[in-house]
Amino acid sequence: MRKPTINAVCSLLIIAVSILSSVTTNAAIVFSKDGSPYYITEDIVVTNKDTIIINAGTTLIISPAVNIITNGVILILGFPEDPVSLLPEIEGTGWGKIEINCPGKTSIINNASIVDGTILSEYCDMLMHNATFINNQNLAWNNPVVFVINASVNFVNSSIYGSDKGEGFQMLNSETVIVKNCFFSKIPDAVELTNITGGYVSHNWFENILDDAIDLNNCTNTIIDSNIIINADDRGIELGSENNGNSENIIVRRNVLIGCGIGVILKEESYGQIINNTFYGNNIGVSCIEDNGNRTGSFMNVQNCIFYNSIESDVFKDLNSTLITDYCISNSEVLSGEHNIKGDPLFVNALEFDFNILENSPCINAGNPELPKDSDNTISDIGAFFYNTDTTSINNHDEFFKSVEIYPNPFHDDFEVIVVSNDPVTIELFTLSGVKISTIIEHEQSSTLNKIRVIPVSKLKSNMVVICRILINGYSKSYLLLHS
């Protein structure tokens, strides 16, 4: 039986019902499982803000260089047990791209496998969950698999499997970027952010990256948290400019960087805090350099970090830059700075990538006491993973704080804390050096719901990191906030 081609697909133009409350449309092109697979041999071009819907279980087989272009949104609505597949007609050749341009709207990709194709979204927000991209085609070095411009991004539980060609997720000009719980293999510049304010790159796994794993240019108030980066040939995390402007107020925390050319580099007049990371077997652990010919260096503050088996050096800075290293441990040298240790951090099993520390590790409670406490309510340990000294306390502790929400973060004039608790709630604000910041606290309570507005009285500097300490029933937990 002959399968539908593009001409048959065009006949599927129908009046669409409301799919999502945030999407309004008068018409849609709908691909359904019943008509699958569809063979797309010519470009699909949708105008007048119409919607393309690809329902669960649908397969599109797309010819080389064929594109899907829409001035509306695209909704790829697979289920975990019944995903959507977009496949090339010729394996390894590539079928072109999905191009979206719909200002003020949101496109969604859920539970999909996209092979040898790319996505370009401009002015249209992107939500992506459980999407798998496989790239075997010969993409140019600066051609990303997913490129989002002038729009917000939320990529969760997704993957890119590459062949050392092109780039991964690239975002340009946005104030909201979240990349969380994703997996990247053999894809250069796996996550690249340019002109981003408020980015959050968290709990991702990167392996065998030919260039950089995470690359930031002209970014501010961005958090890179709890990622695993293995064998990034150039840099695990690069924080700089690339002629777009320097990166400022970047927090790099709780990451593990293994076998990279350089674990973390700050360059081109950039500024960042490197806190509670583990560096293992990198050529250079952290590097802080000028690299733009202006003779104005970068500034890096490194605290609570483990450096183990660095090949060339644990840390490096040029003459024009400032690198402060405190409360760190190295197995090869005593680093310059305060409260640094030379010794073995005593990993559980580094050869199996288990960088938890043993109960007799010198890292335990040896971090900066002014930084937020670990979840067992003790002084912070050194390294990406803390040693839990009180399993009873941590369970109770987590129960008290699991409802806490703080927004906005970054904040400017004030922020709000939402917490569900019958017990009194106390909030204190500190600088990273432990100096208390005077505040006005406005507290509203409805039943057990506490809504607390915090207004700093002291004038805070732009691009400043502050500690918000919340106390409930004798327990405390601290959060890092960014003042814009």
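Judged by the mean number of other Cβ atoms found within 10 Å, the most tightly packed of the peptides 404-415, 180-191 leads the ranking 180-191, 404-415. For region 401-483, the orientation-averaged shadow of the C-alpha convex hull comes to 5.0 nm² (one quarter of the hull surface).
Taking the Cα centre of region 404-443 as origin and charging only Cβ (+1 Lys, Arg; -1 Asp, Glu), how large is the dipole, in debye to the nearest 20?
The calculated dipole for region 404-443 is roughly 180 debye.
In this simple spin-label model, placing a label point 7 Å from the Cα along the Cα-to-Cβ direction at both ILE455 and ASP164 gives a separation of 5.9 nm.
For region 277-292, putting each phi into the Karplus relation 6.51 cos²θ - 1.76 cosθ + 1.60 with θ = phi - 60° gives couplings of 10, 10, 10, 9, x, 8, 4, 10, x, 10, 9, 10, 9, 7, 6, 9 Hz, in residue order, rounded to whole numbers and with x for Gly and Pro.
Using only alpha carbons, the chain has a radius of gyration to Kirkwood radius ratio (Rg to Rh) of 1.01. The gain in end-to-end length when the GLU352 to ASN473 segment is fully stretched comes to 39.6 nm, 0.36 nm per residue minus the alpha carbon separation. With the simple spin-label model, which puts each label point 7 Å out from Cα in the Cβ direction, the VAL420 to ASN331 separation comes to 4.5 nm.
Across region 242-347, the relative contact order, built from alpha-carbon pairs under 8 Å that are at least six residues apart, equals 21 percent. In percent, how large is the relative contact order of region 401-483, given Cα pairs closer than 8 Å and 6 or more residues apart? It rounds to 32 percent for region 401-483. Extension gain, GLU428 to LYS402: 0.36 nm times the residue separation minus the Cα-Cα distance gives 7.5 nm. Taking the Cα centre of the chain as reference, the dipole from Cβ charges on Lys and Arg (+1) and Asp and Glu (-1) amounts to some 920 debye. Selection among ILE251, SER270, GLY236 by position relative to the dipole of region 232-374 gives ILE251 as farthest towards the positive end (Cβ unit charges, Cα centre). Set Lys and Arg Cβ to +1 and Asp and Glu Cβ to -1, take the dipole of region 401-483 about its Cα centre, and tell me which of TYR479, PHE415, HIS443 lies farthest positive. Ranked along the dipole, the leading option is TYR479. Its Cα centre serving as origin, region 401-483 has a Cβ charge dipole (Lys and Arg +1, Asp and Glu -1) of approximately 280 debye.
Counting other Cβ atoms within 10 Å as a rough exposure proxy, the listed residues THR325, THR41, THR378 run THR41, THR378, THR325 from fewest neighbours to most. Size of region 160-309 from its Cα atoms: along the principal axes, largest to smallest, the extents are 37, 36, 24 Å. For the chain, calculate the relative contact order in percent as a whole number, restricting contacts to Cα pairs under 8 Å that are 6 or more residues apart. Averaging sequence separation for qualifying contacts and normalising by length gives 6 percent for the chain.
Go ahead and collect, in residue order, the members of region 60-91 whose backbone nitrogen is under 12 Å from a label point 7 Å along the Cα-Cβ direction of ASN157. Correct set: 79-81. Here's the picture: charge each Lys and Arg Cβ at +1 and each Asp and Glu Cβ at -1 in the chain, and of ASN227, LEU87, THR106 the one pushed furthest to the positive end of that dipole is THR106.
Take peptides 67-74, 303-310 and line them up by average Cβ neighbours within 10 Å, highest first, as a rough protection proxy.
Going by the mean number of other Cβ atoms within 10 Å, highest first, we get 303-310, 67-74.
Annotation note: GluC sites (Glu not before Pro) in region 276-382 located in DSSP loop regions with a Cβ neighbour count of at most 14 within 10 Å are GLU312, GLU333, GLU338, GLU359. Amide H contacts for GLU175 (H built 1.01 Å from N in the peptide plane; partners 5 or more residues away or on another chain; cut-off under 5 Å): THR197.
Local charge for GLY367 was computed over the other residues whose Cβ lies under 9 Å away, with Lys and Arg +1 and Asp and Glu -1, and equals -2.
Computed from the coordinates by the stated procedures, all read-outs in this text should not be read as laboratory data. As the structure is a computational prediction, the values presented were derived from the model and not from experiment. Positions of Cβ are generated from backbone atoms using ideal geometry, with glycine treated the same way; all protein chains shown enter the neighbour counts.
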